[in-house]
Amino acid sequence: MASHDTATLYPAHLSAIKARVDRLLEKHGFDHLLVASGIEKYEFLDDRPYPFKPNAQFKAWLPLTRHPHCWIAYTPGQRPVLAYYQPDDYWHVPPSPPEGAWVEHFDIRVITDPAEAAKHLPATGKAAILGEADAALPGFMPNNPKALMDALHYHRAYKTPYELAVMRLAQRRAVPGHLAAHAAFKAGLSEARIHAAYLAATGHTDLDLPYSNIVCLNEHGAVLHYQYKETRAPSQHRSLLIDAGAEVDGYASDITRTWGNGDADFEALIAAVEDEQQALCARVRAGVDYRDLHLECHLRLGNVLRTLEIVDMDPTQMLETGLTSTFFPHGLGHLIGLQVHDVAGYTDEAGELIPRPAGHPYLRMTRTLEPGMVVTIEPGIYFIPTLLAKLKATPQGKAVDWRKVEHLAKFGGVRIEDEVHCTDGGPENLSRDAFAAT
């Protein structure tokens, strides 16, 4: 699905990857980098394979996402070698011959048996071998050296122009799905059929989504990672919360939208969270500590709770007593790219933990924002029965309008999520731009 723009940008991306690896191999004392795409795995005591998902460190080099048993072998100063697995198979469709903007930059060796890859990997020198243990070949056992891996993960936060271009395409692929889901909600369809409408509009199947779509009607919106899709439509369609993404050339998008059915109190809550979400997106700027942005989000959502007369307490006091965490128990967002929850969101280049704020154990991003980073901004207010019951038993529970909470709990909750690119100047909202272009 790559565009002309991504094809043009790819050579510079590969050069950036090689320069990064050159520096890190020398620093950590390795002569070669070997990366396994991974193997096809089968269900226990069955002949049915699990959906194949490639090693993210493999697809950082080139856009191959359906290709098990492949290897990249890179030695600084040399053209990277690709052992490209293309079996002679009539039971399944084998991979097509290599094609795309990346082909001319690799020394491609086609293999028909996974074991043949070993013939094309360096026989001498010290190699860093990245992959799962089951990808091992005789003489080539993945060692995943921690210091090198930590550094590679850390630098993946900085997206090249090629990566940003592909990520914009992933946004553009997801948006029609969200619009189709909204229409299906308005038509009174079930969660399963709303999900099916999303898949049809994006051209995805369940197997190639970057993550399992979260499709929540009514009270299900209070389950943060709601994992089911009811086949029966409820008697009333009060709300839809859909957290759903798309994938292009190995890069993920991750967008959440919430819609109501016209109830004044719930529509006011959606509008208020939307306003704060957009204000937070505007704060994605170089030099901002993401932890501070997370705490600012709590204060902003506390103000929503107070303004809508759900909680009668100063937002600062709500944050200090942990009350806002009852209504907003997850983190503000995370890095995104080759993985939905991209790696190294809370570690430095040496792999050392950058601590989360006390009382906020689920925040996935603690680094300071810098140009090239893409983060999600996803505030939410939820009415989660187990958390509400605990709040009700505390002194702070007296500040809550429980009748209003009881009414809003029928709608589950609100989450609104965009992906935002931190630049040298103002932020680029990849999600909003994609909606505007549709």
Heavy-atom accessible surface of region 169-272: percent carbon and sulfur, 1.4 Å
52
At 0.692 mPa s and 37 °C, Stokes D of the chain from Kirkwood alpha-carbon radius, µm² per second:
140
Using a 1.4 Å probe on the protein heavy atoms only, what accessible surface does ARG109 show? Give it in Å² to the nearest 10.
80
For region 130-139, Karplus couplings with θ = phi - 60° (6.51, -1.76, 1.60), whole Hz, Gly/Pro x:
9, x, 7, 4, 6, 7, 4, 10, x, x
If you line up the long axis of helix 161-186 against the longest principal axis of the chain, both from Cα atoms, how many degrees apart are they, to the nearest 10?
40
Return one number: the angle in degrees, 0 to 90 and rounded to the nearest 10, between the long axis of the Cα atoms of helix 290-307 and the longest principal axis of the Cα atoms of the chain.
20
Going toward the positive end of the dipole of region 23-179, with +1 on Lys and Arg Cβ and -1 on Asp and Glu Cβ, which of HIS153, THR124, ILE72 do you reach last?
HIS153
Taking the Cα centre as origin and putting +1 on Lys and Arg beta-carbons and -1 on Asp and Glu beta-carbons, what dipole magnitude results for the chain, to the nearest 20 debye?
360
Taking protein heavy atoms only, a 1.4 Å probe, and rounding to whole percent, the accessible area of region 21-87 owed to carbon and sulfur comes out at 49
Around GLY372 (Cβ within 10 Å, Cβ-to-Cβ, excluding GLY372; K/R +1, D/E -1) the net charge comes to -2
Can you give the calculated 222 nm mean residue ellipticity of the chain, where each DSSP H run of n ≥ 4 adds -39,500 (n - 2.57) and the sum is split over every residue, rounded to the nearest 500 deg cm²/dmol?
-10500 deg cm²/dmol
Run the Debye formula on the Cα coordinates of region 225-364, all scatterers equal and no solvent, and tell me log10 I(q)/I(0) at q = 0.09 1/Å.
-0.35
For region 2-154, just list the percent of Cα-Cα distances falling in each 5 Å bin from zero outward, please.
2, 9, 18, 22, 21, 15, 8, 4, 1, 0
Quick one: pull the percent of accessible area on region 345-395 belonging to carbon and sulfur, 1.4 Å probe, ligands and nucleic acids left out.
60
Would you work out which of VAL223, ALA133, PRO98 lies farthest towards the positive end of the dipole of the chain, given +1 charges on the beta-carbon of Lys and Arg and -1 on that of Asp and Glu, about the Cα centre?
VAL223
Between the helical axis of 264-281 and the dominant principal axis of the chain, each derived from Cα atoms, what acute angle in degrees is found, rounded to the nearest 10?
40
Just add up the charged neighbours of TRP102: K/R +1, D/E -1, any other residue whose Cβ is under 13 Å from the Cβ of TRP102.
-1
Please state the relative contact order of the chain as a whole percent: Cα pairs under 8 Å, 6+ residues apart?
15
Mind checking the log10 I(q)/I(0) for region 132-190 at q = 0.17 Å⁻¹? Debye, one equal scatterer per Cα, no solvent, two decimals.
-0.78
Positive-end extreme of charge dipole, the chain - chosen from VAL81, TYR10, ASN261 (charges on Cβ):
ASN261
Would you mind working out the accessible area per residue for the chain, using a 1.4 Å probe, and quoting it in Å²?
44
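The values are calculated or read from the model by the stated rules, or taken from the named source; none is laboratory data. Just so it is clear, the model here is predicted, and its values are computed rather than measured. Glycine gets a Cβ as well: all are built from the backbone with ideal geometry, and neighbour counts include every protein chain shown. Just so you know, the surface numbers come from the protein's heavy atoms only, side chains and all, with ligands and any DNA or RNA stripped out. Shrake-Rupley method; radii C 1.70, N 1.55, O 1.52, S 1.80 Å.
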